[in-house]
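See below for the structure under consideration.
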Protein chains: 2
Amino acid sequence: MKFQTPKGTRDFMPEEAAKLQKVLDIVRSVFEKYGFAPIFTPMFEDFGLLSAKGGLGEAVKNEIYYFKDKADRELGLRFDLTMPLVRVIASNPQIPKPFKRYAISRVWRYDQPQAMRYREFWQADVDVVGSSSIIADVECIAATCESLERLGFQDFFIRINNRKIVQSIFEKSIGMNNIREAFRSIDKLGKIGDDGVKAELEEKAIDSKTITKIMKFLKISGSNNSIIIKLGKKYGQVDGLTELEDLLKFAKKFGMAKRLKIDLSLVRGLDYYTGCVFEVELGGGVSCGGGGRYDNLVKDIGGPDIAATGISMGISRIFEVMKNNKMFESLPSNTTRVFIANVDKKLLPEAIKVSKRLRNKAKGVLCQTDLMDRNLTKQLEYADSLGVDYVIIVGQKELKEGKYVLKDMKMKLEDRLKIGEIIKKFKKSQKSMDKSKKN
Amino acid sequence: MKFQTPKGTRDFMPEEAAKLQKVLDIVRSVFEKYGFAPIFTPMFEDFGLLSAKGGLGEAVKNEIYYFKDKADRELGLRFDLTMPLVRVIASNPQIPKPFKRYAISRVWRYDQPQAMRYREFWQADVDVVGSSSIIADVECIAATCESLERLGFQDFFIRINNRKIVQSIFEKSIGMNNIREAFRSIDKLGKIGDDGVKAELEEKAIDSKTITKIMKFLKISGSNNSIIIKLGKKYGQVDGLTELEDLLKFAKKFGMAKRLKIDLSLVRGLDYYTGCVFEVELGGGVSCGGGGRYDNLVKDIGGPDIAATGISMGISRIFEVMKNNKMFESLPSNTTRVFIANVDKKLLPEAIKVSKRLRNKAKGVLCQTDLMDRNLTKQLEYADSLGVDYVIIVGQKELKEGKYVLKDMKMKLEDRLKIGEIIKKFKKSQKSMDKSKKN
């Protein structure tokens, strides 16, 4: 028997799992601060939903884990957290609006596995359903930005655009009808460059005059304000331009305007976007999420006509970047890991007593005692292999004195303290960590 | 298109999801306090693992979601959190021992759905791998008991037994070989009663003399101590008796002895248990988890020879019981939900400013502003529908005075306070909640 994980999936062993959990916790706490509420939906859905025309369509079968249950019902592991949300909205039309929900969980795609890409991965989504206000879009952006900031990212930004602007300019000024095909190419500008886009457009039999117009449009650059001014001058008050202006205006109120960069080539692959679109980019051009407004999707799958917008963060990608850049080391910790060693196995019950007291009295202290009848040296080796913060040593002398040896494993310091003093010390260091967290 | 969840699965809408999340968080924090570390494994596994002989065998196919990926690999959604752990151990033989891990996640079984039973459900497992010490068993029990206590359960208990005792008495004193068959029947004693067990044993062609002996054995009752004394007197120092004594002795050190009840009919269905077995029972006979020692399972699937023990809590079951008994109402909350209303939509930017300040300065405050251009009455209705704790009202007058109306939605009180005073008030109520949590 082989003991591998299925192809494209992986285990997270304790050290990594604790780090991933931390990411999930931080993002969750930020999402909740912004008033988003959690929902849990099943890990698989009816294939009818996953392949709905408004979403990815029948072709999705090649990209997901598709299976049948024993009653021959067609099912599939969910490939995102949006389609389940859309189903929830369609089946709960009476739910108070706006419906601000977050979901942080796993999704599956049957891609070819590659570096930083697994078939099973984590996403964290915020969506606002039932509000057409641009502030709904801004809130999703703000929650995303603050999440990244709390995780320790500094030079990330959100590329923004508005599909309406591009569509309107393509149709009216550039004079083009087969927009969808062109969109797929211009979306690749960052990857394949000017020449690449031109070549693709030529392949699509678009005439050179139109291509020139398209490239001119894509070349509009500068600060956010100057892009808006240039657009107005060149194309007039096109659809969606005010939305983009409002987006920037309200982003300022949320203190997030500096994170936003208009990118007219951003249209995003999915056909269901109807307005603002976003792409989250970490320094160095690593995309780690995106989203936008999808006002027609709920209706398209057969639900009520209802506006919606949202962003999905690629948690697994973010996790890999944080790991590679050693960003976990500087995240504040609010736990203290302690091993309570005994000098003689007869004293194990005393060590257990100490652990019981710490568990009851000292918040955030995670502690354990020997389970292997090991001698002190072996216990210390094990504690070291776990990477605990402190070791408390319980010996006959310590018991008599009522003072225990406290070894600070990080600072390589040793002290003799009463149990009450140890608790105080843990609480104090907890507090200072808590403070550094707030700042 | 239908918008149902797949058969046997369900959604958790915000109110329920927040409650379930709370259960998951509380259990996690207790598991961590006891020094258990998290691992994450994929939601599906190779069918070879799921159907391994040491585990549930080939027949498991009828009880799980089985499917093939596009390369015809046989897979299945995991039906528990133990087999993935066993795989992890088998593939990481070098991992420091004891390996104390917890996992809190979803599993799937293709049962007939019924009340309180879904095909998708949550489990919370603690396991200690690599230690034969009875304290490892006790730690799993202690972590389980403290979890239930923190969730607010009062009259629950853990039924305990030791397979070695039953096996040894059946083989030596009762003189029986086909133990496994008999085990299946005696395990049902609580459900089908004496007569039921007798009838089943008769059906299995066990002679009446043996049945009398079995029933006599099962009738041994009384306090834990008296059961141990009776067993010793009647059957001599049988295998496993000392383990059961030690279990009770160390449970005392952990303050959990009062939760344990020896039940000689408890053997648990799974064949892989080798020593102590546990079953968690809430008041009223609702089973919500169980486990035991499985020293041969890792070896049986082809891994190294390594001891292991653990308990699995049925979180979905626990959640349903808590909901039905309105236990969530008395759980301490460490968040304050606030809606910041505006008197006039021109003041929305000011409301956003207030929300930004609260998010930055007041920990645990979850706040939101209007996204629908609603008038004040409609905003208050919406805030009410969300069940927020407070509403802050931002009006022209409030802005001039620098004092906002703070409506306490639970107490139906109103106050005019500066933003700093509001933050202080939230912090204070947070603190008092924090305190009540510790006590």
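Within the range A:390-406, the set of residues being in a strand (DSSP E or B) and free of Cβ contacts under 8 Å to residues at least 40 places away in the same chain comprises A:403, A:405, A:406.
Here the range B:268-302 is the region considered, the condition is being of a type in the set (Ser, Thr, Tyr) and buried (at least 16 other Cβ atoms within 10 Å of the Cβ), and the residue that is nearest to residue B:49 (Cα to Cα) is B:272.
Report yes if residue A:71 is of a type in the set (A, V, I, L, M), open to solvent by 10 Å² or more (accessible area, probe 1.4 Å) and over 30 Å from residue B:86 (Cβ atoms), otherwise no. Before you say what the answer is, go through the steps one by one.
Details: of a type in the set (A, V, I, L, M): yes; open to solvent by 10 Å² or more (accessible area, probe 1.4 Å): yes; over 30 Å from residue B:86 (Cβ atoms): yes.
The answer is yes for residue A:71.
Working only within the range A:14-31, note down all residues that are more than 7 Å from chain B (Cβ to nearest Cβ) and among the aliphatic types (A, V, I, L, M). Steps first, please.
Kept after step one, since they are more than 7 Å from chain B (Cβ to nearest Cβ), are these residues of the range A:14-31: A:15-16, A:19, A:22-31.
Passing the criteria: A:23, A:24, A:26, A:27, A:30.
When the range B:162-195 is filtered for residues that are closer than 17 Å to residue B:234 by Cα, open to solvent by less than 60 Å² (accessible area, probe 1.4 Å) and modelled with pLDDT of 85 or more, the ones remaining, listed by number, are B:162, B:165, B:166, B:168, B:169, B:170. Residue count for the range B:369-385 under the criterion of being in a loop (DSSP other than H, G, I, E, B), at the interface with another protein chain (Cβ under 7 Å from one of its Cβ atoms) and touching a strand residue (DSSP E or B) at 6+ places or on another chain (Cβ under 8 Å): the result is 1.
Against the numbered list (1) at pLDDT 90 or above; (2) open to solvent by 80 Å² or more (accessible area, probe 1.4 Å); (3) over 29 Å from residue A:352 (Cα atoms), residue B:205 comes up short only at (1). Of the residues making up the range A:303-337, those that are among the hydroxyl-bearing types (Ser, Thr, Tyr) and either within 14 Å of chain B (Cβ to nearest Cβ) or surrounded by fewer than 16 Cβ atoms within 10 Å (Cβ to Cβ) (or both) are A:309, A:316, A:330, A:333, A:335, A:336.
If you filter the range A:234-270 down to residues that are more than 24 Å from the chain's Cα centre (by Cα) and in a loop (DSSP other than H, G, I, E, B), you find that the one that is farthest from residue A:147 (Cα to Cα) is A:236. Looking at residue A:109, is it in contact with an Asp or Glu (Cβ under 7 Å, 6 or more places away or on another chain) and touching a residue at least 24 places away in the same chain (Cβ under 8 Å)? Yes; evaluated as a whole, the condition is true for this residue.
Yes/no per residue for (1) farther than 19 Å from residue B:279 by Cα; (2) part of a helix (DSSP H, G or I); (3) assigned by TED's automatic domain parsing to the domain that holds residue B:277:
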{"site": "B:165", "(1), (2), (3)": "no, yes, yes"}
{"site": "B:177", "(1), (2), (3)": "yes, no, no"}
{"site": "B:183", "(1), (2), (3)": "no, yes, no"}
{"site": "B:190", "(1), (2), (3)": "no, yes, no"}
{"site": "B:193", "(1), (2), (3)": "no, yes, no"}
{"site": "B:211", "(1), (2), (3)": "yes, yes, no"}
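For the range A:272-285, which residues satisfy the criterion of being over 22 Å from residue A:241 (Cβ atoms) and either assigned to a loop (DSSP other than H, G, I, E, B) or modelled with pLDDT under 90 (or both)? Full working, then the answer.
From the range A:272-285, those over 22 Å from residue A:241 (Cβ atoms) are A:280-285; that's our starting set.
Listed by number, the residues that qualify are A:283, A:284, A:285.
Being touching a residue at least 24 places away in the same chain (Cβ under 8 Å) and closer than 21 Å to residue A:8 by Cβ is the filter; apply it to the range B:60-78 and report the residue that is nearest to the chain's Cα centre (by Cα).
Kept after step one, since they are touching a residue at least 24 places away in the same chain (Cβ under 8 Å), are these residues of the range B:60-78: B:62-65, B:73-78.
Filter once more, so that each one left must be closer than 21 Å to residue A:8 by Cβ: B:64-65, B:73-78.
Numbers: B:64: 21, B:65: 22, B:73: 32, B:74: 29, B:75: 26, B:76: 23, B:77: 19, B:78: 17 Å.
The selected residue is B:78.
Within the range A:364-383, the set of residues being surrounded by fewer than 20 Cβ atoms within 10 Å (Cβ to Cβ) and touching a Pro at 6+ places or on another chain (Cβ under 7 Å) comprises A:372 only.
Checking each residue in the range A:74-95 for being out of contact with any helix residue (DSSP H, G or I) (no Cβ under 8 Å at 6 or more places or on another chain), surrounded by fewer than 21 Cβ atoms within 10 Å (Cβ to Cβ) and more than 9 Å from chain B (Cβ to nearest Cβ) picks out A:80, A:93, A:94. Entry remark, the range A:338-363: residues being surrounded by fewer than 21 Cβ atoms within 10 Å (Cβ to Cβ), at the interface with chain B (Cβ under 9 Å from one of its Cβ atoms) and not in a helix (DSSP H, G or I) number 1 in total.
If you take the residues in the range A:226-261 that are polar (S, T, N, Q) and within 22 Å of residue A:293 (Cα to Cα), which one is surrounded by the fewest Cβ atoms within 10 Å (Cβ to Cβ)?
Pass one, the range A:226-261, residues polar (S, T, N, Q): A:226, A:237, A:242.
Still in the running and within 22 Å of residue A:293 (Cα to Cα): A:237, A:242.
Details: A:237: 9, A:242: 15.
This residue is A:237.
Residues of the range A:32-62 that are within 10 Å of chain B (Cβ to nearest Cβ), in a helix (DSSP H, G or I) and either more than 22 Å from residue A:128 (Cα to Cα) or in contact with a Lys or Arg (Cβ under 7 Å, 6 or more places away or on another chain) (or both): A:33, A:47, A:48, A:49, A:61, A:62. Would you check if there is a residue in the range B:114-137 being surrounded by fewer than 15 Cβ atoms within 10 Å (Cβ to Cβ) and not in a loop (DSSP other than H, G, I, E, B)? The answer is yes, given that some residue of the range B:114-137 is surrounded by fewer than 15 Cβ atoms within 10 Å (Cβ to Cβ) and not in a loop (DSSP other than H, G, I, E, B).
Select from the range A:96-106 the residues that are facing chain B (nearest Cβ under 8 Å) and out of contact with any Asp or Glu (no Cβ under 7 Å at 6 or more places or on another chain) and write down the one among them that is most open to solvent (accessible area, probe 1.4 Å). Before the answer, list the steps.
Our first condition is that a residue be facing chain B (nearest Cβ under 8 Å); within the range A:96-106, this holds for A:96-98, A:100-101, A:106.
From what's left, out of contact with any Asp or Glu (no Cβ under 7 Å at 6 or more places or on another chain): A:96-98, A:100.
Numbers: A:96: 57, A:97: 36, A:98: 6, A:100: 9 Å².
Filtering first and then ranking leaves A:96.
Restricting B:16, B:63 to those that are open to solvent by 40 Å² or more (accessible area, probe 1.4 Å), out of contact with any helix residue (DSSP H, G or I) (no Cβ under 9 Å at 6 or more places or on another chain) and under 29 Å from residue B:318 (Cβ atoms) reduces the list to B:63. The combined condition, being β-branched (Val, Ile, Thr), part of a loop (DSSP other than H, G, I, E, B) and in the same structural domain as residue B:310 (by TED's automatic domain parsing), is not fulfilled by residue B:89. Take residue A:386 and tell me if it is open to solvent by less than 50 Å² (accessible area, probe 1.4 Å) and at pLDDT 95 or above. Against the criterion (open to solvent by less than 50 Å² (accessible area, probe 1.4 Å) and at pLDDT 95 or above), residue A:386 does not qualify.
The values are calculated or read from the model by the stated rules, or taken from the named source; none is laboratory data. Fair warning: this is a prediction, and the values are worked out from it, not measured in the lab. Note that each Cβ is placed from the backbone with ideal geometry, even for glycine, and that neighbours are counted across all protein chains shown. Just the protein is used for accessible areas: all its heavy atoms, side chains included, with ligands, DNA and RNA removed. Shrake-Rupley method; radii C 1.70, N 1.55, O 1.52, S 1.80 Å.
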